[in-house]
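Everything on this sheet refers to the single structure shown next.
Values in this text are rule-based calculations from the coordinates and carry no lab data. In this text, all values refer to a predicted model and were calculated from it rather than measured experimentally. Note that we place each Cβ from the backbone using ideal geometry, even for glycine, and neighbour counts take in every protein chain shown.
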Amino acid sequence: SIASADMDSNQLEAFLTAQTKKQGGITPDQAAVIAKFWKNHRAQIHESLIGQSRWDHSLRNISWRVDLKAQLRHVEQINTPVAIVEVELGRNGQ
């Protein structure tokens with residue numbers, strides 16, 4: 001939760017305080033260790049998460065179409081539009 005929200009010190013303090021007050025939560029000592037670790041490694045953790053979730057900015061192909069259903073068992077479903085989108089992504093050099 002801390003890393004995905006990229007919490008600043010105020011958010012971190014509020015989050016850890018809430019975690020210490022909740023049943024089965026963490027102890028104040030654990031909260032202090034987590035806070036110290038986050039403050040020392042926030043930038044590296046954030047960059048790692050960005051690197052793992054980023055696409056390589058290469059869209060190979062995109063195609064789309066809209067279909068209309070012309071024949072079905074139930075009349076109310078006729079002429080219901082359905083959009084189909086196909087996106088092909090790739091890494092550089094692959």
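Considering the options Ser48, Trp64, Gly24, tell which one lies farthest towards the positive end of the dipole of the chain, charges being +1 on Lys and Arg and -1 on Asp and Glu at the Cβ, about the Cα centre.
Gly24
As I understand it, the value is the acute angle between the Cα axis of helix 9-21 and the longest principal axis of the Cα atoms of the chain; what does it come to in degrees, rounded to 10?
80 degrees
Given a Förster radius of 41 Å and the C-beta distance between Lys22 and Glu86 as r, what FRET efficiency does 1/(1 + (r/R0)^6) yield to the nearest 0.05?
Working: r = 45 Å, r/R0 = 1.09.
The computed FRET efficiency comes out at 0.35.
Using just the C-alpha positions of segment 9-53 as equal point scatterers, what log10 of I(q)/I(0) does the Debye formula give at each q in 0.14, 0.24 1/Å?
Here log10 of I(q) over I(0) equals -0.39, -0.83.
Using C-alpha positions alone, give me the convex hull volume of the chain per residue in cubic angstrom. Don't skip to the answer; put the middle values down first.
Values: hull volume 21.0 nm³, N = 94.
Normalising the Cα hull of the chain by residue number yields 223 Å³.
Mind checking the dipole of segment 9-53: about its Cα centre, +1 per Lys or Arg Cβ, -1 per Asp or Glu Cβ, Debye to the nearest 20?
Charge dipole, segment 9-53, about its Cα centre: 80 debye, nearest 20.
Gain in length, Ala5 to Leu49, computed as 0.36 nm per residue apart minus the alpha-carbon separation, to one decimal in nm?
14.7 nm
Quick check on the chain: helices-only [θ] at 222 nm, where DSSP H runs of length 4 and up contribute -39,500 (n - 2.57) each and the sum goes over total residues. Nearest 500, please. Spell out each step's value before the answer.
On the way: 3 runs with 43 residues, N = 94.
Helices in the chain give a 222 nm mean residue ellipticity of -15000 deg cm²/dmol.
How far is helix 28-53 tilted, in degrees, relative to the longest principal axis of the Cα atoms in the chain, given as a value from 0 to 90 rounded to the nearest 10?
The answer is roughly 30 degrees.
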